[in-house]
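**Q** First the structure, then my questions, so here it is.
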Amino acid sequence: MSGGASGVAPPEDRRPDGDAHPASAGWTPSALAVARDSYRRARRRRAAWVSTLSTVVVVAVLYVVVTTAPGWERTRDAFFSPQSAWDSLPAIAEGLWLNLRVWVVASVVGMVLGMTLAVIRTSRIPALFPLRAFAVAYVDVFRGVPLLLVLLLVGFGLPALRLEWLPTSGAFLGALAIILTYTAYLAEVFRAGIESVHPSQVSAARSLGLTRAQTTRKVVLPQAVRHVTAPLASNLVSLQKDSGLISILGAVDAIRAAQIAASGSYNFTPYVVAGVLFLLVSIPLTRVVDVYSARQGWRGSLATVSGAGAIR
């Protein structure tokens, strides 16, 4: 038997496509391996050509349909004016800075409050029943009411109370409404992560002498957060886009700045500029979430499977 007196086969390493081959320098692939690699390369080349051709056809059709429309000249001047875009860019960029600050604050506060509600809702301590009932009611209400309606109720309802200690700026009230709504969504994300931790993890931690609080803090929550990182990041990306809704309360964010610029010239190019700036923020975030999800999901799991290289 080859591989020495112990009868163990020589070690193998894995190629990027998942095929195993001996580590010896004199190894040559079999005819079957060569044919398989050739087929895969041909399939990838064909897929690339088909994707490129279909993309070119779709873009060409859209270009012809748009540019040959009767109102294209007027639409181009009204929505894609370079001069109007350049003139409105500084004010819109300054407004976007407000959106980003609201997004960061709402994300941090929403995650802290959401995790707190999730821990309370999954707790089985009898004394916390009133808090569990409050958490359930809070999540049901703010997940069922549209964010736009919450913005209107908070933005016009709280100032009517005439509380001297409560700020009444549009940015503050808008951020508060976003926090109230997204805390409910984030609480459900964290609750799903907590419930995904197997009960044996809790039992093992308690058997080692950890208290209920220590088990939650050191065992359950770290695993729960790791399980829901991708959906949590997706909610934060959505929050970044919804931060533009604070403009309805008078806050001069990117959308409000675009509205002011458009109202003076009756040219809608500033809205396009605002949309592009939001895309410059949201698209990289979305791609990062997609990459992380791919690594944690089905394709990422294949990396640990022997021989599971190019399955598809």
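**Q** Pairs, please: C-beta under 7 Å, at least 6 apart or cross-chain, first residue closer than 18 Å to Val219 by Cα and in the same structural domain as Tyr182 (by the TED database) and in region 113-130, second among the charged types (D, E, K, R) and assigned to a helix (DSSP H, G or I)?
**A** As it stands, the answer is Ala118/Arg191; Ile120/Arg132; Arg121/Arg132; Arg121/Arg191; Thr122/Arg191; Thr122/Glu195; Ser123/Arg132, since those pairs meet every condition given.
**Q** State which residue is nearest to the chain's Cα centre (by Cα) when the search covers only region 53-84 and only residues that are under 22 Å from Tyr266 (Cβ atoms) and outside any helix (DSSP H, G or I).
**A** In this case the residue turns out to be Phe80.
**Q** Just the residues that are crowded, with 17+ Cβ neighbours inside 10 Å and among the β-branched types (Val, Ile, Thr), please, taken from region 110-140.
**A** Once the filter is applied, which keeps residues that are crowded, with 17+ Cβ neighbours inside 10 Å and among the β-branched types (Val, Ile, Thr), region 110-140 yields Val119, Ile120, Thr122, Val139.
**Q** Evaluate region 169-192: report whether one residue or more is surrounded by 11 or more Cβ atoms within 10 Å (Cβ to Cβ), closer than 24 Å to Val136 by Cα and without any contact (Cβ under 8 Å) to a residue 24 or more places away in the chain.
**A** Checking region 169-192: at least one residue is surrounded by 11 or more Cβ atoms within 10 Å (Cβ to Cβ), closer than 24 Å to Val136 by Cα and without any contact (Cβ under 8 Å) to a residue 24 or more places away in the chain.
**Q** Looking only at region 257-281, count how many residues are at pLDDT below 90 and either open to solvent by 60 Å² or more (accessible area, probe 1.4 Å) or not assigned by the TED database to the domain that holds Ser88 (or both).
**A** Total satisfying the criteria: 4.
**Q** Follow-up question, since we're still on this one. Please work out which one of (1) surrounded by 15 or more Cβ atoms within 10 Å (Cβ to Cβ); (2) within 30 Å of Ala192 (Cβ to Cβ) is the condition Ala251 fails and give its number.
**A** For Ala251, the failing item is (2).
**Q** Quick one: would you say Ser88 is out of contact with any Gly (no Cβ under 6 Å at 6 or more places or on another chain), over 17 Å from Gly193 (Cβ atoms) and open to solvent by less than 30 Å² (accessible area, probe 1.4 Å)? Give the derivation first.
**A** On the way: out of contact with any Gly (no Cβ under 6 Å at 6 or more places or on another chain): yes; over 17 Å from Gly193 (Cβ atoms): yes; open to solvent by less than 30 Å² (accessible area, probe 1.4 Å): yes.
When the stated conditions are applied, Ser88 passes them.
**Q** Can you tell me which residue in region 97-109 is most open to solvent (accessible area, probe 1.4 Å), limited to those that are closer than 17 Å to Ser238 by Cβ and over 16 Å from the mean Cα position of the chain (by Cα)? I'd like the intermediate steps shown before the answer.
**A** Here is the first cut: in region 97-109, the residues closer than 17 Å to Ser238 by Cβ are 99-100, 102-109.
From what is left, the residues that are over 16 Å from the mean Cα position of the chain (by Cα) are 99, 102, 105, 109.
Details: Asn99: 2, Val102: 10, Val105: 80, Val109: 56 Å².
Across region 97-109, the extreme among qualifying residues is Val105.
**Q** Looking at region 154-168 only, could you name the residues that are under 19 Å from Val109 (Cβ atoms) and either touching a residue at least 12 places away in the same chain (Cβ under 8 Å) or open to solvent by less than 50 Å² (accessible area, probe 1.4 Å) (or both)?
**A** Within region 154-168, Val154, Gly155, Leu158, Leu166 qualify.
The values are calculated or read from the model by the stated rules, or taken from the named source; none is laboratory data. Just so it is clear, the model here is predicted, and its values are computed rather than measured. Cβ coordinates were reconstructed from backbone atoms using ideal geometry, including for glycine residues, and neighbour counts include every protein chain displayed. Only protein heavy atoms, including side chains, enter the accessible area calculation; ligands, DNA and RNA are left aside. Shrake-Rupley method; radii C 1.70, N 1.55, O 1.52, S 1.80 Å.
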